Amino acid sequence: QVQLVESGGGLVQAGGSLRLSCAASGRTNSAYSMGWFRQAPGKEREFVAAISWSGVNTYIADSVKGRFTISRHNAKNTVDLQMNSLKPEDTAVYYCAARTFPIATQLSDEYTYWGQGTQVTVSS
């Protein structure tokens, strides 16, 4: 079992930045890939970013490419999502996810473990 806890959400004005962090605990001695997803009110959950176990391979959704970056620190069992140039349409609950497989994926169904989510609100 892997437990995930997100932090760093909040309220920010359009054009601002936030940095989300996801801390993993439990069975973290396995090679696992991580992802970030988000869900806005009335919308389906959507992929945001993913990173492989090694950190070499990353995937970023087209809607946030050039503004968001994902990184991980295996020694600390954390994954961060740096969000710059935020837009009101980025408003959503952001979820961290993990799967015990080293290769990352954009498919939410491939992830086994999920955090509780952190709210990001971008005002115009």
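Some values worked out for this structure:
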| quantity | calculated |
| --- | --- |
| Only listed residue being free of Cβ contacts under 8 Å to residues at least 12 places away in the same chain and on the phi > 0 side of the Ramachandran plot, chosen from Gly55, Gly42 | Gly42 |
| Unmet requirement for Glu6, which otherwise passes all of (1) open to solvent by 80 Å² or more (accessible area, probe 1.4 Å); (2) in contact (Cβ under 8 Å) with a residue 24 or more places away in the chain | (1) |
| Failed condition for Leu11, given (1) surrounded by 13 or more Cβ atoms within 10 Å (Cβ to Cβ); (2) touching a residue at least 60 places away in the same chain (Cβ under 8 Å); (3) of a type in the set (A, V, I, L, M) | (1) |
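Yes/no matrix, rows are residues, columns are (1) within 14 Å of the chain's Cα centre (by Cα); (2) polar (S, T, N, Q):
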site	(1), (2)
Phe68	yes, no
Phe101	no, no
Ala104	yes, no
Tyr111	yes, no
Trp114	yes, no
Thr118	yes, yes
Thr121	no, yes
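The values are calculated or read from the model by the stated rules, or taken from the named source; none is laboratory data. Remember, predicted model here, so these are calculated numbers, not experimental data. Glycine also receives a Cβ, built like all others from the backbone with ideal geometry; neighbour counts cover every protein chain displayed. Ligands, DNA and RNA are stripped out before the accessible areas are found, and what is left, the full protein with its side chains, is counted by its heavy atoms. Shrake-Rupley method; radii C 1.70, N 1.55, O 1.52, S 1.80 Å.
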